[in-house]
Amino acid sequence: MHAIKIGFLIFTTDDTPFEDMLHVHLLDNNFNVLDSLTIGAMYSTGSFSEPHLMSSNKIVFRFIGDTDWSITILDQTKFGIPYFSSIKGVRKTWQWRHYLHVEGQPKPEVYA
């Protein structure tokens, strides 16, 4: 396990109606990408809103699936299987060590 010094947590969206994706990147103090993940899915709608810090390493916000999401920056790296997530709509980058832990329970999209 490796301890890290937190630099920046960056949130960006594609700003594409009816198919928006939220990209989250953790950077160190030298702007190197330590970890990344994407929240979203085809034909899903969402708007990044209501971000607030729960602690120095945890942020909560709203996005797709009418869901409160949270991202925690881990104190030490965690082993993870690349591209695999137990949460629908979350994709992680190709690496074995992860610094970000995401939680959320998106509700299915309902179409009229």
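The table below gives the values:
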{"item": "Extended-chain gain in nm, criterion 0.36 nm per residue less alpha-carbon gap, residue 31 and residue 62", "result": "8.6 nm"}
{"item": "For 59, 39, order by how many other beta-carbon atoms lie within 10 Å, fewest first", "result": "59, 39"}
{"item": "Neighbour-count ranking [beta-carbon atoms within 10 angstrom, fewest first] of 52, 101", "result": "52, 101"}
{"item": "Order of 96, 69 under a 10 Å beta carbon neighbour criterion, fewest first", "result": "96, 69"}
{"item": "Cα gyration tensor, region 8-103 - rounded (a/c under 1.5), prolate or oblate", "result": "prolate"}
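None of the figures in this text is laboratory data; all of them are computed from the coordinates on show. This structure is a prediction, so every number in the text was calculated from the model and none was measured. Cβ: placed from backbone, ideal geometry, glycine included. Neighbour counts: every protein chain shown.
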